[in-house]
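This report concerns only the one structure given below.
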Amino acid sequence: MNRRSAEDTRRIINDAALTVFSKSGYEGANMRMIAAEAGISVGALYLYHRSKEELCATVFNGLFKEFRREIDEKVLGLSDPVEQIRVYIGTYMEMAKTHREFIYTFNRERGFTFGVEWKRSFFAELRALVDSIIKRGVEQGVFAEVGKGEATKVLVSALRGYVVSIVIDPENLFSADACTDILLNGLIKRCGPQERADSLQ
C-alpha cells in the first residue's frame, strides 16, 4: 500500500481542523480532537503544527487560498466586466455560505479582530482584483466613472457586511442577484426627462 505523502497529510489535517473548529469553536477544540478527526496520532499532528493557534492560522490561510483559487478560476477567464462582477459576488457569497458554521462559531468566540493581519492582506488582494475589473469596465465605457476606488470600496464593504450578518444578523442576509442588480443598476429608475417630471408631480 502506498504511504500517504506529507502533502496529503497536511490536507487531511487542514480539513479535520476545519471540521472540528466549525463544530466546537476555537475554545472547544483541542489537538487531540483534531488528530482523531484526521485519523492520526497526536504526536504526528505536532510534527506538522506546534500549537492549536498555529494550526488555526493554517486553516484561515487555507480558506483564503481556496477562495482566491475559486475567484481566479471563475472570474479571470471572463471578458465582460459586468459578468465578472456578477460571478465575483455570487462566488464570494457561496463560499461564505459553504463555510458558514466556521465563520459563525469562530467569530462568535474570537471576534472579528482575530487574525486581523491575515484578513487585511486577504482583503487587499480582493480590493485590487475588484478595482482592476471596475477600471477596465470604465475604460470600455461599460461602467460610469464614480470616483477613485469608491465603487470598489462599496462592493467589498457590502460583501464583508454579508459575512458579518452570517454571524450576528442572519435574518438580514440578501441574495447574490439582488446585491449584483443594486450595485450595477442602482435604485433610480431609468426614464426620460418627461416621465421623471411627471412622477414628481
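Just so it is clear, none of the values below were taken in a lab; they were calculated from the coordinates. Model, not experiment: these values are computed from the prediction. Positions of Cβ are backbone-derived with ideal geometry, glycine not excepted, and every protein chain shown enters the neighbour counts.
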- Task: For Lys119, list the lysines whose Cα falls under 28 Å from its own Cα; do not include residues on the same chain fewer than 8 positions away.
- Result: Lys23, Lys52, Lys65, Lys74, Lys97, Lys135, Lys148, Lys153
- Gain on full stretching of the segment that runs from Glu117 to Arg68 - 0.36 nm per residue minus C-alpha separation: 16.0 nm
- Task: Let me have the relative contact order for the chain, percent, based on Cα pairs under 8 Å that are six or more residues apart.
- Result: 21 percent
- Item | Charge sum, other residues only, whose C-beta stays under 15 Å from Pro81's C-beta, Lys/Arg counted +1 and Asp/Glu -1 | -1
- Per the helix-only calculation at 222 nm, which mean residue ellipticity applies to the chain, given -39500 (n - 2.57) for every DSSP H run of n ≥ 4 and division by its residues, nearest 500 deg cm²/dmol? -25000 deg cm²/dmol
- Message: Sort 156-163, 182-189, 5-12 by packing, meaning the average of other beta carbons within 10 Å per residue, with the highest value first.
- Response: 156-163, 5-12, 182-189
